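What follows is a short report on a single structure.
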Amino acid sequence: MRAPLAALLWLVALPVLAIEHHLLIASGIGGDDTYREQFTRHALQLRDAALAAGIARERIAWLDATPHAEADGRADKSSLFATIASIGARAGADDRVFIVLIGHGNARGDGAVFNLPGPDIDAAEFDAALAALPTQTLTLVNTASASGPFVAALAGPNRIVISATASAREFHAPRFGGHFVAAFTDAIADRDKDERVSMLEAFDYARREVRREFETDKRILTEHALLDDNGDGDGSGAPGETAADGALADRVHLQPPARVAGLPPRLAAKLARKAELETDIGALKRRRDALSVENYYAELERLLIELALLSRDIRAGVD
């Protein structure tokens, strides 16, 4: 009787992680075949990366301006609003929602708009639609030209807001979006080697690749991406896990949390411990300035080694 009782105690002691992830991709007007094909390619790459990360297909919506045969609908303002409302109606209070705009934008008055078939959408309208998601952790990425004003307009508690440009005056088609999407399938983007790419890692990867391209082409940099996740609306071009912006983005990944319900007890324990280690690593990084260099790196090494060994066992199915 001891083994079944032990197994039962394991299951009772383990938390059930019920957080779901939802992804909305909206690819706007391309203007010509080159951009239409590019936006479609980036949308499909992001959708496939999300599927590979474990987001259920029914929780992924792709709206396309054309629309593409594989899209879930047309990317116009009414469909975008309806889809956000639909996600809000079925999302749990603690779920995470990712909304990525892929396309063109332009300045409009003191702000900017994202170009859609029919009426364009401005940041204030977009923010109003997000009222349907009052408690969820939101990641909002605008990869369009002139997207900078969306940062100040959409910033708020529990929100990660990313723009491809620093202002509406940066109106050239950005390269940021393609690299941001590519980050989720490039091992180089995974700086902490935890086999996941956080929003901060994806942002940093894209920013570095954009700068590298411009330097290779010997051109002056015409786009400066921003990230805000502390809610003050003052986006940073160099966020970090211990900086004013970056701590939340460092903890948010496309991958939904692993479930422990119904798994073998030992494997469930390993997954639960893995989640604890990831949380501990994030907390340690945020305390870096309060620790000596020696203590910080000693503790980081200990946590990373345990995480690596645990991840190896989980991949191998060791129970």
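What follows draws every value from the coordinates through simple rules; no lab data is involved. These numbers come from a predicted model, not from an experiment. Neighbour counts run over all protein chains shown; Cβ positions are idealised from the backbone, glycine included.
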- Item | Shape of the chain, Cα gyration tensor, a/c cut at 1.5 | prolate
- Given a Förster distance of 35 angstrom, what is the FRET efficiency for Phe214 paired with Glu301, based on the Cβ-Cβ distance and rounded to 0.05? 0.45
- Using unit Cβ charges (K, R positive; D, E negative) and no other charged atoms, how large, in debye to the nearest 20, is the dipole of the stretch 21-251 about its Cα centre? 240
- On the formula 1/(1 + (r/R0)^6), with r taken between the Cβ atoms of Asp110 and His172 and R0 of 25 Å, the FRET efficiency rounded to 0.05 is 0.80
- So what is the relative contact order of the stretch 117-235, in percent, for Cα pairs below 8 Å that sit 6 or more residues apart? 31
- Simple SL model, points at 7 angstrom along Cα→Cβ for Thr66 and Glu37; separation in nm is 1.1
- Message: Please compute the length gained on full extension between Ala243 and Asp48, using 0.36 nm multiplied by the number of residues separating them and subtracting their Cα-Cα distance.
- Response: 67.1 nm
- Task: Enumerate the residues in the stretch 107-141 having an amide nitrogen under 19 Å from the point lying 7 Å beyond the Cα of Ala56 toward its Cβ.
- Result: 136-137
- Query: Counting each DSSP H run of 4 or more residues in the chain as -39500 (n - 2.57), what helix-only mean residue ellipticity at 222 nm follows after dividing by all residues, to the nearest 500 deg cm²/dmol?
  - Reply: -13500 deg cm²/dmol
- Message: Run through the stretch 207-258 and list the trypsin sites (Lys or Arg not before Pro) located in a DSSP loop whose Cβ has at most 16 other Cβ atoms within 10 Å.
- Response: Lys218, Arg219
- Note down the relative contact order for the stretch 21-251 as a percent, whole number, built from C-alpha pairs under 8 angstrom at least six residues apart. 17
- Inter-part distance where the stretch 131-180 and the stretch 263-319 are each reduced to a Cα centre, Å: 31
- Item | Eligible lysines near Lys285 by straight Cα distance, threshold 22 Å, same-chain separation 8 or greater | Lys193, Lys274
